[in-house]
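A.B. asks: Could you have a look at this structure, given as structure tokens, before my questions?
Computed from the coordinates by the stated procedures, all read-outs in this text should not be read as laboratory data. It should be emphasised that the depicted structure is a prediction, and the values quoted were computed from it without experimental measurement. Methodologically, a virtual Cβ is constructed for each residue, glycine included, from the backbone with ideal geometry; neighbour enumeration extends over all protein chains shown.
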Amino acid sequence: MSDSFKFGFVTIIGKPNAGKSTLMNRIIGQKISITSHRPQTTRHRILGIHTDDQKQIVFVDTPGIHSVLKKSNRKTINRVINKTAISSIDGVDAVCLMITASGWSEGDLHVLQALEDCTVPVILLINKLDKLKSINDVLPLIAESSKLYDFAEIVPVCAIGKVVADNVDRLMEVLERYLPSAPAGFDEDQITDRSFRFLVSELVREQLFRRLGDELPYATAVEVTDFQLLDGKAQIGADIWVEKDSHKAMVIGKAGEALKNIGTAARKNCETLLERKVFLELFVKVRSGWSDNARDLYSLGYDEDLK
Ligand SMILES: Nc1nc2c(ncn2[C@@H]2O[C@H](COP(=O)(O)OP(=O)(O)OP(=O)(O)O)[C@@H](O)[C@H]2O)c(=O)[nH]1
Ligand SMILES: [Mg+2]
């Protein structure tokens, strides 16, 4: 490893649904943080580690920051989620604030407020460039943004890579400039700090977010109860927690169809992650009030985030 090798931490923050997890997965080249079209998909802080010849960047993907002024956002889980995101700004080398090409919303401005006393460089990412008729349409937004805050850099990107100039490579070059010279902090083949067991529970939760309607995904959680990596295969059992009996019926669906589809899709993603055949058994359990109960959140792995 050369003396000029760079190593550092970069937090990605922004309002829910901006595309933070999509960008991190794109950079790492694997689904380590789940994504969906619904806001507040990410609930935990998740590290994604990129290593190449010049640098190692540890990305911190955070839950979308939302306003707690809205009554529906006042549950314990939502307060924990906001705290997780905001506390992830401390001690990193750069912060990427992500908004979208549709412009500054009230939610974005709320996140910007959290950066008021931030002493590390803040790089503004303008995501979803593909939604613009022409790339040039982003120019007025860049001008407007530079008046709002003293951003170290402004980088328009397209996390899903749907435009030719998606700028992700440029972003990596920009970030390198903000990292200190230091040897790598993680093994070069390590891509996250989270265990396979945790990632599997997230892959199940992703399907709940993608396949269930309206409010229901927010009232569910997943706990892996059995996880055995065997020769060439894996045996996994997981409980899906719901708040009430009527939710249980919806997750299972008519003749078990919904649960079957959730299981099939999650199993395929688990097979890609674990690189082996996976047997996945899902059970739906009613645990009323879990999302507002600190003890339940603790047992679901929000322990670090509850401190
Ligand atoms: N059109 C378009 N959609 C995108 C782009 N990046 C992400 N998305 C979509 O935006 C939605 C939200 O993406 P996520 O990565 O889950 O967003 P997030 O910011 O992590 O959201 P939270 O975890 O809820 O805070 C998903 O449906 C993505 O496919 C992009 O560049 N263009
Ligand atoms: Mg996310």
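A.B. asks: Students often forget the sequence filter, so: which lysines lie under 25 Å Cα-Cα from Lys147 once same-chain residues fewer than 8 apart are removed?
C.D. replies: In chain and number order, the partners are Lys15, Lys20, Lys128, Lys131, Lys133.
A.B. asks: Among Ser291, Val164, Gly91, which residue has its Cα positioned farthest towards the positive end of the charge dipole of the chain, with +1 placed on the Cβ of Lys and Arg, -1 on the Cβ of Asp and Glu, and the dipole taken about the Cα centre?
C.D. replies: So the residue furthest toward the plus end is Ser291.
A.B. asks: Taking square-rooted eigenvalues a ≥ b ≥ c of the alpha carbon gyration tensor, is segment 165-231 rounded, prolate or oblate, where a/c under 1.5 means rounded and, failing that, a/b exceeding b/c means prolate? Present the calculation step by step, with values, prior to reporting the outcome.
C.D. replies: Values: a/c = 3.15, a/b = 1.55, b/c = 2.03.
In terms of gyration-tensor shape, oblate.
A.B. asks: Oh, and also: 5 Å is the cut-off here: which amide hydrogens, built 1.01 Å from N in the peptide plane, fall below it relative to Phe9, excluding neighbours closer than 5 in sequence?
C.D. replies: Under 5 Å from the amide H of Phe9: Val58, Asp93, Ala94.
A.B. asks: For segment 270-284 and segment 1-29, what is the centre-to-centre distance using only Cα atoms, to the nearest Å?
C.D. replies: Their Cα centres are 27 Å away from one another.
A.B. asks: If you don't mind, there's one more thing I want to ask. Name the residues whose placed amide hydrogens come within less than 5 Å of the amide hydrogen of Asn127, ignoring near sequence neighbours (fewer than 5 apart) on the same chain.
C.D. replies: Ile99, Thr100, Ala101, Val157
A.B. asks: What translational diffusion coefficient, to the nearest whole µm²/s, does segment 6-177 have by Stokes-Einstein, given a Kirkwood radius computed over alpha-carbon pairs, a temperature of 20 °C and 1.002 mPa s viscosity?
C.D. replies: Values: Rh = 16.1 Å.
After rounding, the answer is 133 µm²/s.
A.B. asks: On to the next question. In straight Cα distance, which lysines are under 19 Å from Lys277, not counting same-chain residues fewer than 8 positions off?
C.D. replies: Lys31, Lys233, Lys260, Lys268
A.B. asks: With r as the distance between the Cβ atoms of Ile86 and Ser134 and R0 = 45 Å, compute the FRET efficiency 1/(1 + (r/R0)^6) and round to 0.05.
C.D. replies: Numbers: r = 35 Å, r/R0 = 0.79.
With R0 = 45 Å, the Cβ-Cβ based efficiency is 0.80.
A.B. asks: Mind running the shape call on segment 119-228? Use the C-alpha gyration tensor, a ≥ b ≥ c as the square roots of the eigenvalues: rounded below 1.5 for a/c, prolate if a/b tops b/c, oblate otherwise. Let's see the in-between values first.
C.D. replies: Working: a/c = 2.37, a/b = 1.40, b/c = 1.68.
Taking the square roots of the gyration eigenvalues as a ≥ b ≥ c, segment 119-228 is oblate.
A.B. asks: What's the magnitude of the charge dipole for the chain around its Cα centre, counting Lys and Arg as +1 and Asp and Glu as -1 at the beta-carbon? Answer in Debye, nearest 20. The partial results should precede the final answer.
C.D. replies: Numbers: 40 positive and 42 negative charges, 276 e Å.
The calculation lands at about 1320 debye.
A.B. asks: Please compute the modelled spin-label separation between Arg197 and Arg276, points set 7 Å along Cα→Cβ, answer in nm with one decimal.
C.D. replies: 1.6 nm
A.B. asks: Anyone know which of Thr264, Thr220, Thr41 comes out most mobile in the 10 Å Cα GNM of the chain?
C.D. replies: Thr264
A.B. asks: Let me ask something else about it. Within the chain, which complete DSSP H helices have Cα atoms spanning at least 20 Å along the helix axis and a mean Kyte-Doolittle hydropathy of -0.5 or higher? Each step should come with its number before you reach the end.
C.D. replies: On the way: long enough: 196-211 (23 Å, -0.07); 257-274 (25 Å, -0.24).
Result, helices passing both filters: 196-211, 257-274.
A.B. asks: Additional query: With only alpha-carbon pairs counted, each pair once and no self-pairs, how large is the Kirkwood hydrodynamic radius of the chain in angstroms?
C.D. replies: 20.4 Å
A.B. asks: Calculate, in nm to one decimal, what Trp104 and Asp187 gain on full extension: separation in residues at 0.36 nm each, minus their alpha carbon distance.
C.D. replies: Working: separation 83, 0.36 × 83 = 29.88 nm, distance 3.84 nm.
Taking 0.36 nm per residue and subtracting the Cα distance, the gain is 26.0 nm.
A.B. asks: Taking the Cα centre of segment 6-177 as origin, sum charge times position over the Cβ atoms of Lys and Arg (+1) and Asp and Glu (-1), and report the length of that vector in debye to the nearest 20. Could you put the intermediate results ahead of the total?
C.D. replies: Values: 22 positive and 18 negative charges, 211 e Å.
Computed about the Cα centre, the dipole is about 1020 debye.
A.B. asks: Among rounded, prolate and oblate, which fits segment 196-306 when a ≥ b ≥ c are the square roots of the eigenvalues of its C-alpha gyration tensor, a/c under 1.5 means rounded, and a/b larger than b/c means prolate?
C.D. replies: Working: a/c = 2.07, a/b = 1.25, b/c = 1.66.
Since a/c reaches 1.5 but b/c is at least a/b, the shape of segment 196-306 is classed as oblate.
A.B. asks: To continue, here is another question. Would you give the gap between the C-alpha center of segment 156-205 and the C-alpha center of segment 209-248, rounded to a whole Å?
C.D. replies: Here the two parts' Cα centres lie 26 Å apart.
A.B. asks: Could you calculate the FRET efficiency of Phe5 with Ala114 from 1/(1 + (r/R0)^6), where r is the beta carbon distance between them and R0 is 41 Å, rounded to 0.05? Let's see the in-between values first.
C.D. replies: Details: r = 32 Å, r/R0 = 0.77.
Once the sixth-power term is evaluated, E becomes 0.85.
A.B. asks: Also: Using +1 at the Cβ of each Lys and Arg and -1 at the Cβ of each Asp and Glu in segment 6-177, identify which of Cys118, Val60, His37 lies farthest towards the dipole's positive end.
C.D. replies: The Cα lying farthest towards the positive end belongs to His37.
A.B. asks: Once you've got the GNM for the chain with C-alpha springs shorter than 10 Å, pick whichever of Ile160, Ile135, Ile12 has the biggest mean-square fluctuation.
C.D. replies: It is Ile135.
A.B. asks: Once the piece of chain linking Ile142 and Asp169 is laid out straight, how much longer is it, given 0.36 nm per residue of separation minus the C-alpha distance between them? It would help to have the intermediate numbers written out before the result.
C.D. replies: Numbers: separation 27, 0.36 × 27 = 9.72 nm, distance 1.92 nm.
Length gained between Ile142 and Asp169: 7.8 nm.
A.B. asks: What value, in deg cm²/dmol to 500, does the helix sum -39500 (n - 2.57) over DSSP H runs of n ≥ 4 give at 222 nm once divided by the residues of the chain?
C.D. replies: On the way: 10 runs with 100 residues, N = 307.
Taking each H run of at least 4 residues, the total per residue is -9500 deg cm²/dmol.
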